[in-house]
Amino acid sequence: MTGPKHSCGVVGIAATYNVVPALQKTLMIIQHRGQESAGITVFNDDGKMDILAGSGLVQVALPSNRLAELKGNSGIGHVRYPTADSKDEKNIQPFKVTTNFGAVAVAHNGEITNYDELEAKYLSAGYSFTTNSGSELVTKILSKHMSQHNDPIKAMKSMMGELEGSYALTIQIDNRIFGIRDPYGLRPLCIGEIEEGHIVVSESAAIDALNGTFIRDVAPGEIIEVMHDHFIPHKGPAHKHKANCMFEWVYFARPDSVIDEREVYDVRKRIGEILARECPADVDIIMPIPDSGRAHAIGFSIASGIPYEEGFMKNRFAERTFILPDQKERELAVSMKMNPIKSTVEGKRMVIVDDSIVRGTTLKKLISMLRKAGAKEVHVRVGSPPVIAPCYYGVDMRSREQFVANGRSNKEVCDIIGADSLGYISIEGLVEAINKPESELCLGCVSGKYPTRIPGETQRFQSKLNEEF
Ligand code: AMP
């Protein structure tokens with residue numbers, strides 16, 4: 001499967017004033033969803049669509065002097081998630097093209113799982129491609145259906161009948177702004193009202209930052225057109241079973257965001273409480289792996305009555321270890337990023353809590369650092385069940401060989417990372433913490449069962465798209 005392999009952040013805004021500052025602010029708030037590149041498009045007073053996009057963090061990719069040259073009352077934006085194999089600048093989004101129905105820009109979060117099939121289909125129909133991104137594919141499919149329907153909503157519904165996999169999209173057609181969520185609601189997208197305007201965005205924390213009011217999540221399969229004074233929902237194809245990605249709550253999203261009616265911080269804290277119940281430990285302190293394990297550790301401490309302590313200093317300017325291509329580099333990067341606080345650690349028996357174990361690199365290195373700093377016992381508790389299967393929907397966890405828990409017993413993993421004991425939350429415990437029925441969640445990476453058709457993998461339900469749209 002080619003196509004994009006990363007979770008990202010998207011936004012679309014329509015207002016009565018220049019939306020460039022609001023787009024920039026929003027992208028900074030959802031920066032955690034992607035640090036590789038950033039970009040925006042706006043529709044200017046001369047009736048043209050302008051684009052500014054580049055590599056790096058929002059502040060670098062969209063410098064103030066260049067932003068000051070842009071102006072428009074509607075626009076979309078994107079931040080792109082880095083992976084070891086995704087440095088190609090032509091994949092920077094939004095992807096913008098000129099069509100016979102106007103200028104079109106697309107920002108995509110997710111992964112189109114039938115990308116190869118669709119690319120082949122459109123190539124043989126005479127279309128050409130310059131990237132391997134889902135956004136470009138969307139522009140081709142939209143163009144085809146626009147030439148048949150001449151109505152963006154009808155064209156988008158037909159397009160959704162062709163796309164498989166995960167997509168939260170913001171689309172700009174001249175000055176019109178649309179948000180679309182895939183029929184399972186795999187990736188998040190919500191709507192808010194801001195001063196004299198409306199916004200569709202990956203995470204609700206951005207609406208707060210703009211002093212806006214959260215309205216609601218975009219429903220699975222829904223198309224929303226946002227305008228300065230109102231928004232129009234259109235029902236598109238949806239599945240009977242939703243499949244919200246559990247990893248958004250466990251790790252990916254900001255703790256202050258509310259996704260599909262569940263606050264991320266609250267879910268994480270509950271995960272910690274349930275972990276304390278399922279895998280208790282007789283220790284002196286509970287310590288988080290900052291920053292991702294913090295809320296989970298707080299929950300564990302509250303439920304167990306064991307004091308919470310900060311035992312690692314994190315260098316917030318250090319580079320992300322997860323995406324480095326080489327194991328040695330990743331290990332080195334962990335010690336650049338984290339250092340134990342001796343007075344917390346020395347002579348103590350501790351539980352350390354992290355959100356997830358993927359390769360096990362981070363914890364292995366951290367545990368050896370804790371032992372060196374004088375820890376007496378180090379027990380690991382993990383806020384997600386063992387990751388044993390790839391994510392095909394936009395979280396960068398790709399191959400089974402990568403996962404330390406794949407094909408190994410708990411004891412074997414515990415020995416590899418050098419812990420005194422290892423406990424994961426169960427799938428049932430995680431579902432309880434999210435407080436949604438299991439049938440409404442995507443648990444593909446921990447169960448190996450997927451909501452959509454993936455060649456060679458097990459499909460959870462054979463669900464058909466509803467036909468009433
Ligand atoms: P590892 O060293 O491979 O076990 O890395 C696991 C740590 O990386 C977890 O504690 C998470 O905080 C973080 N993590 C998990 N999944 C991802 C991902 N897809 N991208 C970036 N970081 C991740």
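The values are calculated or read from the model by the stated rules, or taken from the named source; none is laboratory data. Remember, predicted model here, so these are calculated numbers, not experimental data. Heads up, the Cβs are rebuilt from the backbone with ideal geometry, glycines too, and the neighbour counts pull from every protein chain shown. Protein only, heavy atoms only, side chains kept; ligands, DNA and RNA dropped before computing areas. Shrake-Rupley method; radii C 1.70, N 1.55, O 1.52, S 1.80 Å.
Does region 35-42 contain at least one residue that is surrounded by fewer than 24 Cβ atoms within 10 Å (Cβ to Cβ), in a loop (DSSP other than H, G, I, E, B) and not hydroxyl-bearing (Ser, Thr, Tyr)? Before you say what the answer is, go through the steps one by one.
The first filter runs over region 35-42 and keeps only residues surrounded by fewer than 24 Cβ atoms within 10 Å (Cβ to Cβ), leaving 35-36.
Still in the running and in a loop (DSSP other than H, G, I, E, B): 35-36.
Going one step further and asking which of them are not hydroxyl-bearing (Ser, Thr, Tyr), we end up with 35-36.
Yes; the residues of region 35-42 include at least one that is surrounded by fewer than 24 Cβ atoms within 10 Å (Cβ to Cβ), in a loop (DSSP other than H, G, I, E, B) and not hydroxyl-bearing (Ser, Thr, Tyr).
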Residue tally, condition surrounded by 14 or more Cβ atoms within 10 Å (Cβ to Cβ) and away from the ligand (no atom under 16 Å from the Cβ), over region 300-320: 8
Selection within region 205-218 - over 18 Å from GLY110 (Cβ atoms) and in a loop (DSSP other than H, G, I, E, B): LEU210, ASN211, GLY212
Residue ID - surrounded by the fewest Cβ atoms within 10 Å (Cβ to Cβ), chosen from residues in region 139-170 that are of a type outside the set (Ser, Thr, Tyr) and within 18 Å of the chain's Cα centre (by Cα): GLU164
ILE171 being closer than 21 Å to GLN31 by Cα and either among the β-branched types (Val, Ile, Thr) or touching a Lys or Arg at 6+ places or on another chain (Cβ under 8 Å) (or both): yes
Single residue of region 252-290 satisfying the filter (open to solvent by 60 Å² or more (accessible area, probe 1.4 Å), closer than 21 Å to GLN31 by Cβ and not in a loop (DSSP other than H, G, I, E, B)) that is farthest from the ligand (Cβ to nearest atom): GLU263
Contacts under 8 angstrom Cβ, first residue in region 281-292 being charged (D, E, K, R), partner more than 11 Å from the ligand (Cβ to nearest atom) and modelled with pLDDT under 95, 6 or more apart: ASP291/LYS314
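This table checks each residue for (1) assigned by TED's automatic domain parsing to the domain that holds ALA303; (2) open to solvent by less than 20 Å² (accessible area, probe 1.4 Å); (3) in contact with a Phe, Trp or Tyr (Cβ under 9 Å, 6 or more places away or on another chain).
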| site | (1), (2), (3) |
| --- | --- |
| LYS365 | yes, no, no |
| ASN406 | yes, no, no |
| PRO451 | no, yes, yes |
| LYS464 | no, no, no |
Options THR131, THR99: the member that is of a type outside the set (D, E, K, R) and closer than 26 Å to PRO325 by Cα: THR131
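Rundown of residues vs (1) part of a loop (DSSP other than H, G, I, E, B); (2) touching a strand residue (DSSP E or B) at 6+ places or on another chain (Cβ under 9 Å), yes/no style:
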{"position": "PRO188", "(1), (2)": "yes, yes"}
{"position": "GLY192", "(1), (2)": "no, yes"}
{"position": "PRO220", "(1), (2)": "yes, yes"}
{"position": "ILE223", "(1), (2)": "no, yes"}
{"position": "HIS234", "(1), (2)": "no, yes"}
{"position": "PRO237", "(1), (2)": "yes, yes"}
{"position": "HIS241", "(1), (2)": "yes, no"}
{"position": "PHE247", "(1), (2)": "no, yes"}
{"position": "VAL250", "(1), (2)": "no, no"}
Any chance VAL387 is within 12 Å of the ligand (Cβ to nearest atom) and more than 19 Å from PHE312 (Cα to Cα): yes
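Rundown of residues vs (1) more than 9 Å from the ligand (Cβ to nearest atom); (2) open to solvent by 20 Å² or more (accessible area, probe 1.4 Å); (3) in contact with a Ser or Thr (Cβ under 7 Å, 6 or more places away or on another chain), yes/no style:
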| position | (1), (2), (3) |
| --- | --- |
| PHE322 | no, yes, no |
| ASP326 | yes, yes, no |
| VAL382 | no, no, yes |
| CYS391 | no, no, no |
| PHE403 | no, no, no |
| ASP415 | yes, yes, no |
Residue that is modelled with the lowest pLDDT [pool: residues in region 313-358 that are hydroxyl-bearing (Ser, Thr, Tyr) and assigned to a loop (DSSP other than H, G, I, E, B)]: THR321
